[in-house]
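So the structure is just underneath, and the comments pick up after that.
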Amino acid sequence: MSRLPPLDLSTLDAEGQRVADAIRSGPRGVVRGPFEVWLRSPGLADPAQRLGEFCRYHSALPPELSELAIIIVGKMWQAPYEFAAHARLAIAAGVSDEVVEAVRAGTPPPYTDERAKVIHALIAEWFADHKISDATYARAVELLTERGVVDLVGIVGYYGLICVTVNVFEVPLPEGSVAPVL
């Protein structure tokens with residue numbers, strides 16, 4: 001059960017309506033999850049949803065790698081909503097069921113792509129040490145490019161904001177999702 005009542009979009013002020021319309025008319029097509037929380041503060045919701053659109057749909061990382069990064073962040077933040085919402089998207093983007101399950105379980109994923117391995121290593125190092133080793137950084141730039149690493153860091157930060165939002169406000173899982181044990 002959410003800590004917030006469902007948001008009645010018809011009660012939003014003009015700025016809230018503008019932001020809700022931008023979300024609905026963009027690639028997401030619907031207002032749910034953290035956006036329903038953020039629309040209570042349209043000044044936060046607008047730049048956050050625009051950053052999220054870039055991170056999810058326009059980063060230098062291909063969809064399978066960005067979705068992998070998102071579920072790793074969801075796991076690290078212990079955010080069932082975010083993990084559940086993106087696990088199916090990761091699989092649809094080409095991440096194997098075995099990798100998704102390993103990320104969820106916290107066991108070593110059976111990666112076959114070196115880029116996926118370095119993404120996992122970079123995110124895991126960040127959460128463990130709050131810094132990245134020179135070796136991991138160099139390997140990430142080698143495999144992902146400098147722009148790819150910048151975009152990856154953006155994804156980690158943006159989805160961290162989402163994870164904090166859905167955890168603090170206890171946003172219910174997406175319809176049809178089963179709560180993953182994280």
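Looking at the stretch 1-49 only, could you name the residues that are of a type in the set (Gly, Ala, Ser) and under 19 Å from VAL164 (Cβ atoms)? Selection gives SER2, GLY33, SER41, GLY43, ALA45, ALA48. Once the stretch 84-116 is narrowed to residues that are of a type in the set (Asp, Glu) and part of a helix (DSSP H, G or I), the residue that is farthest from the chain's Cα centre (by Cα) is GLU114.
Output the qualifying pairs, or none if there are none: Cβ atoms under 9 angstrom, residues six or more apart or on different chains, first residue in the stretch 160-182 and more than 20 Å from PRO5 (Cβ to Cβ) and touching a residue at least 12 places away in the same chain (Cβ under 8 Å), second residue basic (Lys, Arg) and buried (at least 18 other Cβ atoms within 10 Å of the Cβ). If the second residue must be basic (Lys, Arg) and buried (at least 18 other Cβ atoms within 10 Å of the Cβ), the pairs left are PRO180/LYS75; PRO180/ARG104; VAL181/ARG104; LEU182/LYS75; LEU182/ARG104.
Just so you know, in the stretch 132-182 the residues that are in contact with an Asp or Glu (Cβ under 7 Å, 6 or more places away or on another chain) and in a loop (DSSP other than H, G, I, E, B) include one that is farthest from PHE54 (Cα to Cα), and it is SER133. Counted as qualifying within the stretch 2-71 are the helices (runs of 4 or more DSSP H) with 2 or more residues that are touching a Pro at 6+ places or on another chain (Cβ under 8 Å) and of a type outside the set (Ser, Thr, Tyr), namely 14-25, 42-57.
Per-residue answers, yes or no, for (1) out of contact with any Leu (no Cβ under 9 Å at 6 or more places or on another chain); (2) touching a residue at least 12 places away in the same chain (Cβ under 8 Å):
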site	(1), (2)
LEU9	no, yes
GLY16	no, yes
VAL37	no, yes
SER41	yes, no
ALA45	no, yes
TYR57	yes, yes
ALA69	no, yes
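Computed from the coordinates by the stated procedures, all read-outs in this text should not be read as laboratory data. All of these numbers come straight from a predicted model, not from anything done at the bench. For neighbour counting, all protein chains shown are included, and Cβ atoms are generated from backbone atoms with ideal geometry for every residue, glycine included.
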